[in-house]
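The values are calculated or read from the model by the stated rules, or taken from the named source; none is laboratory data. Fair warning: this is a prediction, and the values are worked out from it, not measured in the lab. Virtual Cβ from ideal backbone geometry, glycine too; neighbours counted across all protein chains shown. These accessible areas exclude ligands, DNA and RNA; they are computed on the full protein's heavy atoms, side chains included. Shrake-Rupley method; radii C 1.70, N 1.55, O 1.52, S 1.80 Å.
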Amino acid sequence: MAVHNYDVVVIGTGPAGESAAINAAKHGRRVAVVEKQPTVGGNCTHWGTIPSKALRHQVKQIMQFNTNRMFRDIGEPRWFSFPHVMERSRATIDQQVAMRTNFYARNRIDLFNGVARFKDEHTLLVRGNDEGMEELVARKVIIATGSRPYRPGDIDFRHPRIYCSDTILSLNHTPRTLIIFGAGVIGCEYASIFSGLGVKVDLINNRDSLLSFLDDEISDALSYHLRKHGVLIRHNEEYERVEGDESGVTVHLKSGKRLRADAFLWANGRTGNTDQLGLENIGLGANGRGQLQVDDHYRTAIPHIYAAGDVIGWPSLASAAYDQGLNACDELLERDYRFVSEVPTGIYTIPEISSFGRTERELTEAKVPYEVAQAFFKDTARAQITGDTVGMLKILFDQDSLAIYGIHCFGDQASEIVHIGQAIMQQPGEANSLKYFVNTTFNYPTMAEAYRVAAQNGLNRVF
């Protein structure tokens, strides 16, 4: 068995693992990464962020074609199957894999394909797909193994009509009806995607509102537009059992309701990928959801073993994972680092949602006086040109100092628009001010111009 010595070994090649490995390599460390899949990119590239967002983009284009009057001059609305749309989305995955593979080669990072397991606190055994074994000895280890869909034991995921958010990507037909259990971010995104393809969707939520961490007005807007596209939302429901047969799936709810559909998608929670790491060999434990606990330095209970990304839980976003991996590596390199605690929320429903900072509910509960500045996309020239007139930008700000407390956006390009407000909010002192948006010239016509419109609206409310 070959033995290799490294300064840093990173387990996982998703956003957290990639940023950590490249950061260490660029600062002169000898680095290896271990990836259990045949290609790099992790769950983000192959099953999560990239495929679902590429799929959403294809569906959004289909919806635009089918609802744009100009295209009726060249033909009737078109129907596209899920497998056909998914196949078109795979080109993006291939591009991402090629690009990221080159990152490791260019930075002279050794790549081992196989499952990593701790032998002791400094040694990893890597079993490759050919059943060969490599031994990696490292001064520092970063665990960035990501997460996978949580699968309750009483649901038969081997049934050909029962899916999780990973296996749904291999769906080989287009169901007429679909039940989605779980109305979190993933459930809402797939409800948008499938309803955009003309599938009748039942979205089962075990809470009393959609995405309750969002601003209430944005949550209400999402509910309205999902229903507008034919999604039936059922709040405060829990499943009793899920039964699949040759022609479909029946879901029995604890409320006594029975639902029937061609297929069933479980989208309720995720589990950290720690069960194959051999943590028991080093005295390290994960919680009930397979997640590792870290301190403000991204260190586990063993000081030279770090963890970052979805494997440590909240916020479980690719953007945050990339920063966490980068900063975990900065800490072990004894460089300046930060603990990632403030990240924008990006939800790629149709229309999309993004927010940063505090909500109206949070400010009200904390008894913080605030005012609201808002701009509706239907009143902006760019939205009128593109036809994406659904949505709004809302800014919450201090009535006296005009400091910004929160940015909330719903509609086309929301995840891009929010970053302008985020940048201003994070400026020190008086630089965080609503006045920036009226004292700055924005390109016209743009979606970003909504900041100027909203700021003027907000200043009109100040007395």
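Being surrounded by 17 or more Cβ atoms within 10 Å (Cβ to Cβ) and touching a Phe, Trp or Tyr at 6+ places or on another chain (Cβ under 9 Å) is a property that holds for Arg358.
Within region 182-206, being under 15 Å from Asp262 (Cβ atoms) and outside any helix (DSSP H, G or I) holds for Leu197, Gly198, Val199, Lys200, Val201, Asp202.
In a residue-by-residue description of region 372-387, the property of being modelled with pLDDT of 95 or more, under 24 Å from Gln427 (Cβ atoms), in contact with a strand residue (DSSP E or B) (Cβ under 8 Å, 6 or more places away or on another chain) and of a type in the set (Phe, Trp, Tyr) applies to no position. Residues that are in contact with an Asp or Glu (Cβ under 8 Å, 6 or more places away or on another chain) and under 14 Å from Val418 (Cα atoms) were ranked within region 308-350; the one that is surrounded by the fewest Cβ atoms within 10 Å (Cβ to Cβ) is Val343.
Checking each residue in region 52-103 for being basic (Lys, Arg) and under 24 Å from Leu178 (Cα atoms) picks out Lys53, Arg56, Lys60, Arg78, Arg88, Arg90. Here Thr359 meets each of (1) within 30 Å of Pro369 (Cβ to Cβ); (2) without any contact (Cβ under 8 Å) to a residue 24 or more places away in the chain; (3) not hydrophobic (A, V, I, L, M, F, W, C) with one exception, condition (2).
Picking from residues in region 434-449 that are in contact (Cβ under 8 Å) with a residue 24 or more places away in the chain and part of a loop (DSSP other than H, G, I, E, B), the one that is nearest to Ala381 (Cα to Cα) is Pro445. The set of residues from region 160-181 being of a type outside the set (S, T, N, Q) and part of a strand (DSSP E or B) comprises Ile162, Tyr163, Cys164, Leu178, Ile179, Ile180, Phe181. Taking region 236-255 as the range and being part of a strand (DSSP E or B), free of Cβ contacts under 8 Å to residues at least 40 places away in the same chain and open to solvent by 40 Å² or more (accessible area, probe 1.4 Å) as the test, the residues that pass are Glu240, Glu243.
All conditions in (1) in contact with a strand residue (DSSP E or B) (Cβ under 9 Å, 6 or more places away or on another chain); (2) assigned to a loop (DSSP other than H, G, I, E, B); (3) open to solvent by 50 Å² or more (accessible area, probe 1.4 Å) hold for Phe463, with the sole exception of (1).
Scanning region 19-43 for residues that are open to solvent by less than 20 Å² (accessible area, probe 1.4 Å) and polar (S, T, N, Q) yields a count of 2. The residue that is surrounded by the fewest Cβ atoms within 10 Å (Cβ to Cβ), counting only those in region 367-404 that are of a type in the set (Phe, Trp, Tyr) and closer than 17 Å to Leu222 by Cα, is Phe376. From the list Gln422, Gln427, the lone residue that is free of Cβ contacts under 8 Å to residues at least 24 places away in the same chain and within 29 Å of the chain's Cα centre (by Cα) is Gln427.
In region 1-81, counting only helices (runs of 4 or more DSSP H) that sit wholly within it, the ones holding 3 or more residues that are farther than 28 Å from His229 by Cβ and not aromatic (Phe, Trp, Tyr) span 15-26. If you go through region 68-83 and keep only what is surrounded by 11 or more Cβ atoms within 10 Å (Cβ to Cβ), within 30 Å of the chain's Cα centre (by Cα) and either without any contact (Cβ under 8 Å) to a residue 24 or more places away in the chain or more than 10 Å from Leu197 (Cβ to Cβ) (or both), you end up with Asn68, Pro83. Pairing each residue of region 174-190 that is of a type in the set (Phe, Trp, Tyr) with any residue that is open to solvent by 30 Å² or more (accessible area, probe 1.4 Å), provided the two are 6+ apart or on different chains, yields C-beta distances under 8 Å for Phe181/Tyr239; Phe181/Asn268.
From the list Ile22, Ile50, the one residue that fits, being farther than 15 Å from Leu197 by Cα and touching a Cys at 6+ places or on another chain (Cβ under 7 Å), is Ile50. The strands (runs of 3 or more DSSP E) found entirely in region 109-159 that carry 2 or more residues being among the charged types (D, E, K, R) and surrounded by fewer than 18 Cβ atoms within 10 Å (Cβ to Cβ) are 115-120, 133-143.
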